[in-house]
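Undergrad: Quick one: the structure is below, and I'll ask about it shortly.
The values are calculated or read from the model by the stated rules, or taken from the named source; none is laboratory data. Not measured: the values here are computed from a predicted model. Note that each Cβ is placed from the backbone with ideal geometry, even for glycine, and that neighbours are counted across all protein chains shown. SASA here: full protein model, heavy atoms, side chains in, ligands and nucleic acids out. Shrake-Rupley method; radii C 1.70, N 1.55, O 1.52, S 1.80 Å.
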Amino acid sequence: MEVVSLRARPDLLETFIRWFQQKWADQNSKMVYRDCMEHCVGSPSPLPQWYLLREEERILGGAGLIINDFISRGDLWPWLCALYIERDARGRGLGGRMIEHLCREAANLGFDRLYLCTDHVGYYERYGFSHMGTGYHPWGESSRIYERELQLRW
């Protein structure tokens, strides 16, 4: 089992795009993932970053690190986004594995905190995240915002 970075494997660009679009995008937002991932490859900017968790050739899950998750708190970044584990692979600690991997990646990029927005209560707290407030989306909904302090490695 391995976590694969899109930047390390740009040859898998279409695989990344298709998988994330299938899990998260409706007809109106499919281009958001395509555009973001196409511009991620080869970018000198540290963000965005996209990851897939694979077992041999099968994708079990994925997540990203981005500068804003369509939330009003533009003063906070990076954001853990689009975490998804395939239903038949849940219950094996894979979500936690992805979270820990993204926390290490964010710390290695020099960030001292990681944020996420969600309506889930109780899940992310198991992985060191604390509820810090509420943020607002452009479509009029709100989400809980969580943060986690990261261990920088110098």
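Undergrad: Pop out the carbon and sulfur fraction of the accessible area of region 1-52 as a percent, whole number, probe 1.4 Å.
TA: 50
Undergrad: Using the Cβ atoms and a cut-off under 15 Å, what net charge is assigned to the surroundings of Glu38, where Lys and Arg are +1 and Asp and Glu are -1?
TA: Value of the local net charge: +2.
Undergrad: What's the carbon and sulfur percent of region 53-139's accessible surface, probe 1.4 angstrom, rounded to a whole number?
TA: Of all accessible area on region 53-139, carbon and sulfur atoms account for 48 percent.
Undergrad: How high is the FRET efficiency from Ala8 to Arg97, r the C-beta distance, R0 25 Å, rounded to 0.05?
TA: 0.90
Undergrad: Which one, His101, Gln22, Leu80, projects farthest toward the positive side of the charge dipole computed for region 7-131 from Cβ point charges (K/R +1, D/E -1)?
TA: Positive-end residue among those listed: His101.
Undergrad: Here's another thing I want to ask about it. Given a 1.4 Å probe and the protein chains all in place, what does the accessible area of Tyr136 round to, in Å² to the nearest 10?
TA: 130
Undergrad: Still on this structure, please answer the following. Using the beta-carbon distance between Asp119 and Glu57 and R0 = 35 Å, what value does 1/(1 + (r/R0)^6) give for FRET efficiency, to the nearest 0.05?
TA: 0.60
Undergrad: Right, next: Provide the net charge surrounding Ala25, with neighbours chosen by a C-beta distance below 11 Å and charges set as Lys +1, Arg +1, Asp -1, Glu -1.
TA: +3
Undergrad: Give me the extension gain from Lys23 to Ser130: residue separation times 0.36 nm, minus the current Cα-Cα distance, reported in nm with one decimal.
TA: Between Lys23 and Ser130, full extension yields an extra 36.0 nm.
Undergrad: Here is a follow-up. Contact order normalised by length for region 16-154, with contacts defined as Cα pairs under 8 Å and 6 or more residues apart; what percent is it?
TA: Relative CO of region 16-154 lands at 18 percent.
Undergrad: Students often get this wrong, so try it: which of [x] -0.58, -1.62; [y] -0.67, -1.20; [z] -0.65, -1.48 is log10 I(q)/I(0) by the Debye sum over Cα atoms at q = 0.13, 0.21 Å⁻¹ as calculated from the structure shown?
TA: Computed from these coordinates, log10 I(q)/I(0) by the Debye sum over Cα atoms at q = 0.13, 0.21 Å⁻¹ corresponds to label [x].
Undergrad: Using only DSSP helix segments of four residues or longer, with each worth -39500 (n - 2.57), what per-residue ellipticity at 222 nm results for the chain after dividing by its residue count and rounding to 500?
TA: Calculated at 222 nm, the ellipticity per residue is -8000 deg cm²/dmol.
Undergrad: In Å², what does the accessible area per residue of region 1-129 work out to with a 1.4 Å probe?
TA: Accessible area per residue, region 1-129: 51 Å².
Undergrad: Near Arg9, within a Cβ-to-Cβ distance under 12 Å, what is the net charge of the other residues, with Lys and Arg +1 and Asp and Glu -1?
TA: -1
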